[in-house]
Amino acid sequence: MRTGDLQNAPIGVFDSGLGGLTVAAALAAALPSEDLVYLGDTARVPYGSRSPETILRYFYNNSAFLKNLGVKLIVIACNTVSAQVLDLNRFLDLPVLGVIQPGARAALAASRGGTLAVIGTKATVKSGAYVKAIAALDPGRRVLQAACPLFVPLVEEGWLDHPVTRSVACEYLRFLEGTDVDTVILGCTHYPLLKPLLTEVCQTIRPGVQMLDPAHAVAMEVKLLLESLHLQRSGQGTRRFFVTDAPEQAQAVASRFWGQAVGEELRFEQVDLEVK
Ligand code: DGL
């Protein structure tokens, strides 16, 4: 592809489901001129309880689909996948950017010097990806982790401020008690929707703790990467949204993740990755 064509090519973004729309929304806000193509693998979500081998296979399927659409860059808007492909910075001759490193950098910048904590899916926590990324940037920094698998179905159900979610959060966040944690990384694309509730629950367990959503930092790194590669697009960007199952269901809940701020109605097209 010629440089001009590449500049005008879309940015590909994928997630295991719709949670990655929180990252896509941050990209749309930071880079309004860029065309975005989003893929949510709703047929195979959740990834968080799967083996590293399966998650890697899904990564290759999703990336191949986006590459076939001619994207110039792939953003893995899924912590679980990013955690497994931490060492892969290029795939099929395309730059690939995950959420772990930007999240780790942003957490260190936001922290007041205390211990950091990471909450995420079982696979993300088991991989230790955030712990490794933080250790590479600040070797002395203590990092605690906790898997919070029930948060994903609670968010999908729309129980963002529900007594059941509150009581699950109290249980999951108890590990913060008596620690000097000052920043908790929301290491799963669904968790930013629980930020108000989690911040509130934390005030009773470990007052003063801040919740860090890596999405903004990811968008800023994409912006810098495009600038360094001279691949920025000009004009008004367009968006296309694909899911691998139940587009009407995606349509119904997508605004929860995409956010009112973007002020756009989302239309989802269904795609079968097996035949691509
Ligand atoms: N999108 C996933 C993540 O950010 C969470 C949902 C899943 O388990 O697939 O880790």
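Computed from the coordinates by the stated procedures, all read-outs in this text should not be read as laboratory data. It should be emphasised that the depicted structure is a prediction, and the values quoted were computed from it without experimental measurement. Note: ideal-geometry Cβ built from the backbone for every residue, glycine included; neighbour counts use all protein chains shown.
Only bridges whose two residues both fall in the chain count here: according to DSSP, what percent of them are antiparallel, nearest 5? Once the DSSP bridges in the chain are tallied, antiparallel ones form about 5 percent.
Any number yet on Rg/Rh for the chain, C-alpha, Kirkwood? Taking Rg over the Kirkwood Rh, I get 0.95.
Per-peptide packing, taken as the mean over residues of other Cβ atoms within 10 Å, places 22-35, 50-63, 117-130 in the sequence 117-130, 22-35, 50-63 from highest down.
Label region 88-162 by shape, choosing from rounded, prolate and oblate, from the square roots a ≥ b ≥ c of the eigenvalues of the Cα gyration tensor; if a/c is under 1.5 it is rounded, and otherwise prolate applies when a/b is larger than b/c, oblate when it is not. Cα axes put region 88-162 in the oblate bin. Normalised by the number of residues in the chain, the mean separation of alpha-carbon contacts (under 8 Å, six or more apart) gives a relative contact order of 27 percent. What number, rounded to the nearest 500 deg cm²/dmol, is the helix-based mean residue ellipticity at 222 nm of the chain, given -39500 (n - 2.57) per DSSP H run of at least four residues and division by all its residues? Roughly -12500 deg cm²/dmol at 222 nm, from the helical runs in the chain.
For Lys122, a cut-off of 28 angstrom between C-alpha atoms picks up these lysines, skipping any fewer than 8 places away in its own chain: Lys132, Lys195. Candidate membrane-span-like segments in the chain, meaning DSSP H helices with Cα atoms spread over at least 18 Å of their own axis and a Kyte-Doolittle mean of 0.5 or above, are 215-228, with no membrane implied. Residues with beta-carbon under 13 Å from that of Leu144, excluding Leu144: net charge, scoring Lys, Arg +1 and Asp, Glu -1? Once all neighbours under 13 Å are counted, the net charge is +1.
What is region 144-234 by shape, rounded, prolate or oblate, if you read a ≥ b ≥ c off the alpha carbon gyration tensor as root eigenvalues and call it rounded for a/c under 1.5, prolate for a/b larger than b/c, and oblate otherwise? Note, shape of region 144-234 comes out prolate.
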